[in-house]
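Beneath this line is the structure, given in structure tokens, with notes to follow.
The values are calculated or read from the model by the stated rules, or taken from the named source; none is laboratory data. Being a predicted model, the structure only gives us computed values, none of them experimental. As a convention, Cβ positions derive from the backbone with ideal geometry for all residues, glycine included, and neighbour counts pool all protein chains shown.
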Amino acid sequence: MKRIFGHKRQKAFTLLEVVIAMAIAALIGVGAMKLLDSATTAHKNIQEQGERYNQIERALLFLSNDMQQLAPRNFRDEFGDTKNNLTSDDSIGKTHLSFTRLGRRNPAQLPRSNLEKLTYLVEEETLQRISFAYPDGMNVEQGLSRTLLEGVSSLKAEFFDGEEWTDYWPVDDGQGTTPNNTVNLPVAIKISLDLMDLGLISRIYPISDKRKNSDQNGTSGGKT
């Protein structure tokens, strides 16, 4: 009796099929890595941009709080000369904004005034807020400087006197001088920061009512 042995023929991958499969897997892997890298980069950029916007908002918040506390009081410089409370054109030699504000913090309850003299200026591409221990008789080298914002090209302040905007303050009284015993405040201040990455941003801060200011100066005799 003749025995017949049968068996199935096993089907295997050819070398070409293996190579194609490896190539497809490699392409998928490269694509997945690029997608992951793009997602990681995008997430990092979003975080950095968010932190940048937070820094800008914090700097503008400092400016806003200081502008709201602007004190109607003149001060004396290191030479004893009376200066208008708000100045942007004096011996510092660079674009700046100097003023005196109310509400100086005093957590230790020290016997001192609640007035604080401040100067804002751009130095080495950073916005600096310089605070002085006393409102009178101090120069810029004696102040405590704090960096509010980096990547700032320039600072510009404009002042609205009720009729027009000017690039400097104080403005004169029509006779070439501003009386030292007069507290001369603008109606509004516009502060512009030129940022190296985002360009120009501006904020307008209302300061005073010109008519009310004139009435107060007239009735008080210009005392500070």
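Observations on the structure shown:
- Qualifying residue in the stretch 85-102 (condition: of a type in the set (A, V, I, L, M, F, W, C), modelled with pLDDT of 75 or more, assigned to a strand (DSSP E or B) and over 23 Å from I207 (Cβ atoms)): no
- Selection count where residues are assigned to a strand (DSSP E or B) and surrounded by 15 or more Cβ atoms within 10 Å (Cβ to Cβ), scope the stretch 155-175: 7
- Scan the stretch 117-151 for residues that are part of a helix (DSSP H, G or I) and surrounded by 13 or more Cβ atoms within 10 Å (Cβ to Cβ) and the total you get is 1.
- Residue count for the stretch 180-210, restricted to those that are more than 21 Å from R101 (Cα to Cα) and either at pLDDT below 85 or among the acidic types (D, E) (or both): 2
- Screening T177 against (1) under 29 Å from the mean Cα position of the chain (by Cα); (2) at pLDDT below 50 leaves a single unmet condition, (1).
- Of note, L61 satisfies the criterion of being closer than 22 Å to V152 by Cβ and either outside any helix (DSSP H, G or I) or modelled with pLDDT of 80 or more (or both).
- The set of residues in the stretch 142-165 being more than 18 Å from V122 (Cβ to Cβ) and of a type in the set (S, T, N, Q) consists of Q142 alone.
- Any hit, the stretch 146-157, residues being farther than 14 Å from L63 by Cα and modelled with pLDDT under 85: no
- Positions within the stretch 128-158 being in contact (Cβ under 8 Å) with a residue 12 or more places away in the chain and among the small types (G, A, S), in sequence order: S131, G137, G143, S145, G151, S153, S154, A157
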